[in-house]
Amino acid sequence: MNEFLSNYVGYAASFFVVLSFMLKDIKQIRIINLIGCICFVIYGYFNGVLWPIIIPNAFLCVIQGYHLAKAQ
């Protein structure tokens with residue numbers, strides 16, 4: 001992934017995480033935050049495998065996915 005596109009993935013990740021703090025419905029919060037975390041994992045991977053970004057966001061993806069699956 002080129003640097004230009006990678007930066008936009010990072011901006012999208014930040015946007016979704018911030019957006020998740022503005023919502024009130026817990027399911028929407030988890031879905032939007034999950035999208036942001038996935039974008040951060042992609043961003044971390046394509047910018048030189050940045051483990052401090054990948055590890056916590058991958059962990060948060062698992063947590064959000066667990067709670068979304070449990071709510072079904």
Legend entry - the stretch 1-67: chymotrypsin sites (Phe, Trp or Tyr not before Pro) falling in loop per DSSP and having at most 13 other Cβ within 10 Å: Phe21
Inset, instruction - Relative to the longest principal axis of the C-alpha atoms of the chain, give the angle of the C-alpha long axis of helix 26-46, reported between 0 and 90° and rounded to the nearest 10°. - result: 20
Legend entry - Percent accessible area from carbon and sulfur atoms, the chain, protein chains only, probe 1.4 Å: 72
Inset, instruction - Work out how much length Val49 to Val62 would gain on full extension: take 0.36 nm times their residue separation and subtract the Cα-Cα distance, in nm to one decimal. - result: 2.8 nm
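The values are calculated or read from the model by the stated rules, or taken from the named source; none is laboratory data. The structure presented is a predicted model; accordingly, all values stated were derived computationally and were not measured. Counting neighbours? That spans all protein chains shown, and the Cβs are built from the backbone with ideal geometry, glycine included. Please note that ligands, DNA and RNA were not included when accessible areas were found on the heavy atoms of the full protein model with its side chains. Shrake-Rupley method; radii C 1.70, N 1.55, O 1.52, S 1.80 Å.
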